[in-house]
Ligand SMILES: Cc1cc2nc3c(=O)[nH]c(=O)nc-3n(C[C@H](O)[C@H](O)[C@H](O)COP(=O)(O)O)c2cc1C
């Protein structure tokens, strides 16, 4: 799947991603009302990954419903709408409108590390997380995916909270809270000061999170974080993911989905497996 936030909101870019071989698309996170993001600089390229604090800019769900409807006429893979808000009511209102517009599933962004009063601030708070998932659950019958933050002491506890509140699947993980400083100006580079790190740097952390969650949680886990080739994908399946999302790597290559799928197919064939299911969680034998 395409991970949330990488290709924005337009039907045209989603079509490109579908042509590039993605099995599903997650939209950038959308809220009840439009939101302007942060001022530049919003992205910094580090040696091993991308640091961003875009600030969740989005047109608001009312205007985005048109794009959902249009996208559904162009692509034939599931369209998962990622949503965020500041209250349970915000989340449930947006989920309802996205569902009515034709979303195939809803992903709850309760893990963005760089916007106050939403994202990770919700995902780190079991009471708030429960309230939001329960309320969204009453407004949509579509599969509900909860995207978890790695910026917590124990991700498994929060995964269990999400399952108990009614999540159908979990995405692990969103970006890691991080910082870049310019030695010349002697100041933080991002206008928001701190941002979220993605790309190869976070892969081992994401793998560990998926592995930890899979030890106790039985609903599907979607692995995400630093996946850029088929070997990375296989590692996530072995850790216990039943699907994967790709974000930063898409910025360099829109066809990365095809390349990874081919590599995974070859790996399975060479090792005489009939499907991915047969390798999910195998790393837990040790
Ligand atoms: C520029 C940028 C924007 C992002 N926007 C969102 C977003 O709107 N909602 C969300 O849940 N995650 C967002 N993410 C996080 C990604 O979906 C993903 O969880 C993270 O980047 C790790 O995967 P990757 O290493 O494959 O990029 C964003 C990431 C980047 C780099």
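Points to keep in mind about this one:
- For residue 80: the one exception among (1) within 11 Å of the ligand (Cβ to nearest atom); (2) part of a loop (DSSP other than H, G, I, E, B): (2)
- If the condition is being surrounded by fewer than 19 Cβ atoms within 10 Å (Cβ to Cβ) and either within 14 Å of the ligand (Cβ to nearest atom) or under 16 Å from the mean Cα position of the chain (by Cα) (or both), then segment 169-190 contributes 177, 180.
- Pairs are defined by a Cβ separation below 7 Å, a sequence spacing of at least 6 or placement on different chains, a first member in segment 15-30 that is more than 25 Å from residue 97 (Cα to Cα) and touching a residue at least 60 places away in the same chain (Cβ under 8 Å), and a second member that is part of a helix (DSSP H, G or I) and more than 8 Å from the ligand (Cβ to nearest atom); the pairs so defined are 20/257; 20/258; 21/257; 21/258; 21/261.
- Residues that are at pLDDT 95 or above and out of contact with any strand residue (DSSP E or B) (no Cβ under 7 Å at 6 or more places or on another chain) do not occur anywhere in segment 172-180.
- Residue 161 fulfils the conditions (1) out of contact with any helix residue (DSSP H, G or I) (no Cβ under 7 Å at 6 or more places or on another chain); (2) at pLDDT 95 or above; (3) crowded, with 18+ Cβ neighbours inside 10 Å except for a single criterion, (1).
- Positions within segment 132-151 being surrounded by fewer than 17 Cβ atoms within 10 Å (Cβ to Cβ) and farther than 17 Å from residue 82 by Cβ, in sequence order: 134, 138, 141
- Residues of segment 106-123 classified as outside any helix (DSSP H, G or I) and buried (at least 17 other Cβ atoms within 10 Å of the Cβ), total: 12
- Note on segment 217-286: enclosed helices (runs of 4 or more DSSP H) holding 3 or more residues that are under 21 Å from residue 15 (Cα atoms) are 248-252, 256-270.
- Residue in segment 275-282 that is under 20 Å from the mean Cα position of the chain (by Cα) and closer than 22 Å to residue 19 by Cα present: no
- Filter pass, residue 108 being within 16 Å of the ligand (Cβ to nearest atom), closer than 30 Å to residue 20 by Cβ and out of contact with any helix residue (DSSP H, G or I) (no Cβ under 7 Å at 6 or more places or on another chain): no
- Matching residues, segment 117-140, being more than 15 Å from the ligand (Cβ to nearest atom) and out of contact with any helix residue (DSSP H, G or I) (no Cβ under 8 Å at 6 or more places or on another chain): 117, 125, 127
- Qualifying positions in segment 216-244 - closer than 20 Å to residue 111 by Cβ and either at pLDDT below 95 or more than 13 Å from the ligand (Cβ to nearest atom) (or both): 216, 217, 219, 220, 221, 239, 240, 242, 243
- Filter pass, residue 103 being in contact (Cβ under 8 Å) with a residue 60 or more places away in the chain and either surrounded by 23 or more Cβ atoms within 10 Å (Cβ to Cβ) or assigned to a strand (DSSP E or B) (or both): no
- Applying the criterion of being within 8 Å of the ligand (Cβ to nearest atom) and not in a loop (DSSP other than H, G, I, E, B) to the residues of segment 4-59, the residue that is nearest to the chain's Cα centre (by Cα) is 26.
- Among the residues of segment 193-203, those that are surrounded by 18 or more Cβ atoms within 10 Å (Cβ to Cβ) and farther than 7 Å from residue 49 by Cα comprise 195, 196, 202, 203.
The values are calculated or read from the model by the stated rules, or taken from the named source; none is laboratory data. Remember, predicted model here, so these are calculated numbers, not experimental data. Cβ sites come from the backbone with ideal geometry, for glycine too, and all protein chains shown count toward neighbours.
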